[in-house]
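Structure first, commentary second.
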Amino acid sequence: GKDQCVLVSAKLESELAELSLVERGEYLRDLGVEFDDIELCHCTLPLLIKDQLGLSLVYTGPGVPAERTQTTKMHVLRSNEISALDFAGKLHKEIRDGFMFAEVTNCFDLVQFESYGEAKDAGIVRMEGKEYVIRDGDVVFIKWK
């Protein structure tokens, strides 16, 4: 691979961590910083570490990323290395044993809606089987018996 060098300001990271997503975007724009949506969800240093280690962030819970609820959990996984069935097993053995299918959507698509049900009605939630490989930013709702 290619070596990378990135300058990170601990002071700026600390200030960004205290701001809402909207305020963070405005603050970065005022500084003349170019960014994409994913940079607004995580501070720069954790995102760089995640990418360098080849990790993915996957969300479970009531259907929205952690910024929108206290009961959503974020899981850190090796990128493109775990199936929906194996992920279910990491949550609980009974969920793995009773796995029927996974409802999956991307966290950035999901936050455009007020509720998980509204997102499903709009057609952005898809059903995946046990062989589906979990991807970075997936929101996974596992149906099990």
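The values are calculated or read from the model by the stated rules, or taken from the named source; none is laboratory data. Remember, predicted model here, so these are calculated numbers, not experimental data. Positions of Cβ are backbone-derived with ideal geometry, glycine not excepted, and every protein chain shown enters the neighbour counts. Note: areas computed on protein heavy atoms with side chains; ligands, DNA, RNA excluded. Shrake-Rupley method; radii C 1.70, N 1.55, O 1.52, S 1.80 Å.
A few remarks follow.
- Which numbered condition ARG96 misses (of (1) in contact (Cβ under 8 Å) with a residue 60 or more places away in the chain; (2) among the basic types (Lys, Arg); (3) touching a Gly at 6+ places or on another chain (Cβ under 6 Å)): (1)
- Within the stretch 1-21, the set of residues being loosely packed, with under 10 Cβ neighbours inside 10 Å and at pLDDT below 80 comprises GLY1, LYS2, ASP3, GLN4, CYS5, VAL6, LEU7, ALA10.
- Condition check for GLY117: over 13 Å from VAL58 (Cα atoms) and out of contact with any Lys or Arg (no Cβ under 8 Å at 6 or more places or on another chain): yes
- Answer residue from the stretch 120-142, given it is of a type in the set (D, E, K, R) and modelled with pLDDT of 90 or more and is farthest from TYR59 (Cα to Cα) among those: ASP121
- Only one of the numbered conditions (1) open to solvent by less than 60 Å² (accessible area, probe 1.4 Å); (2) out of contact with any Cys (no Cβ under 8 Å at 6 or more places or on another chain) is not met by LYS120, and that is (1).
- In the stretch 70-84, residue nearest to VAL58 (Cα to Cα) [restricted to those that are in contact with an Asp or Glu (Cβ under 9 Å, 6 or more places away or on another chain) and open to solvent by less than 30 Å² (accessible area, probe 1.4 Å)]: LEU77
- Only strands (runs of 3 or more DSSP E) whose full extent lies in the stretch 68-142 are considered here, and the ones with at least 1 residues that are of a type outside the set (Gly, Ala, Ser) and in contact with a Ser or Thr (Cβ under 9 Å, 6 or more places away or on another chain) are 73-78, 126-128.
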